[in-house]
1. Can you name every one of the strands (runs of 3 or more DSSP E) wholly within the range 15-132 that holds 2 or more residues which are within 23 Å of residue 4 (Cα to Cα)?
2. From (1) outside the structural domain of residue 178 (by TED's automatic domain parsing); (2) in a loop (DSSP other than H, G, I, E, B); (3) under 30 Å from residue 233 (Cα atoms), pick out the condition that doesn't hold for residue 342.
3. Hey, could you check the range 282-304 for residues that are without any contact (Cβ under 8 Å) to a residue 40 or more places away in the chain and crowded, with 19+ Cβ neighbours inside 10 Å and say which is farthest from residue 181 (Cα to Cα)?
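The values are calculated or read from the model by the stated rules, or taken from the named source; none is laboratory data. Quick caveat, the model's predicted, so the values are computed rather than measured. All Cβ positions, even for glycine, are placed from backbone atoms using ideal geometry, and neighbour counts span all protein chains on display.
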């Protein structure tokens, strides 16, 4: 029997409208409401939580501090009929309250002993539901870990089969989103870990719960989302929802990386792509807050080239000679802006805040030093790749110095 079925049966047996709220005063379940419910009950059902003014008044009466069933007087100003409130809990821990309305026309007040017995039934059912949810949540966390981090291919495939058979990934496809942030200096590592746990929980709730898996790591949260289905098809929207779910965390900068689409059994590959996207962004100092592996284009190739041992000097050996000039930094910045603008002089000049004549003079000087012709496609390609790789090398060098 579900919690909703339990509260409906209790209301019918006791002849009173009944409602269950959790410790946050949010409505969890309520009986079908007859005509005699009051305005307070109507608003709590519509808004899924108690009115703050009602909560304040009840707190002043000491209702929420009661350890047993209590009668609550009506309050015409608040539009509230008399009630009976019974705490719901186990081992002295209250995790909710059971409410009964006492309509004015009833002949006999509600028997408090029966009200307490009803609260026991609700507590039993609620505990069963919570245990079931916790067990399911633990299993989901285990499956997510196997999919994303598992080393044994057999275990990954078993986890994938279980998830598909359960209906969570009916399409057989998914994407892994990775949420990460910088932590404020001086913040304890444990505090950062707790933040990541919260991000994971909030992201799952924001995306609709079942069908979404989450995994909290030391410095990032992985969110495994079904792909190629209606509400999950817009990857930009999903990334935005995940980022917004972490609002108020210890973030100086916040980024979401979106892995490529993969089969459930290949979830680890999508996870690695998302993580690699973050590394590429750091290496090449990309400013985007949302990084899509599928949209990184040339940066993926540059990252692979760097990993294979290729360096900027392999494409344009004279670049360091140019950098050594008295105004070398200015000349390199000019080349970067010009090439980023696909050779459009007016756009590059506007970005640099200089006149086109100044831009032409700088470009001519850089060409003479490098011994290249920017009108030659291969020369232009070589210096552009060299500049991009150089920026990545400088970023990695800065990171190594900071780590040291």
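1. Details: elements: 18-22, 27-30, 70-72, 83-90, 93-101.
The strands (runs of 3 or more DSSP E) meeting that bar are 18-22, 27-30, 83-90, 93-101.
2. Of (1) outside the structural domain of residue 178 (by TED's automatic domain parsing); (2) in a loop (DSSP other than H, G, I, E, B); (3) under 30 Å from residue 233 (Cα atoms), only one is false for residue 342: (3).
3. 296
Residues checked against (1) surrounded by 15 or more Cβ atoms within 10 Å (Cβ to Cβ); (2) closer than 22 Å to residue 28 by Cβ; (3) at pLDDT 75 or above; (4) in the same structural domain as residue 95 (by TED's automatic domain parsing):
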{"residue": "123", "(1), (2), (3), (4)": "yes, yes, yes, yes"}
{"residue": "134", "(1), (2), (3), (4)": "no, yes, no, no"}
{"residue": "139", "(1), (2), (3), (4)": "no, no, no, no"}
{"residue": "143", "(1), (2), (3), (4)": "yes, no, yes, no"}
{"residue": "158", "(1), (2), (3), (4)": "yes, no, yes, no"}
{"residue": "161", "(1), (2), (3), (4)": "no, no, yes, no"}
{"residue": "167", "(1), (2), (3), (4)": "no, no, no, no"}
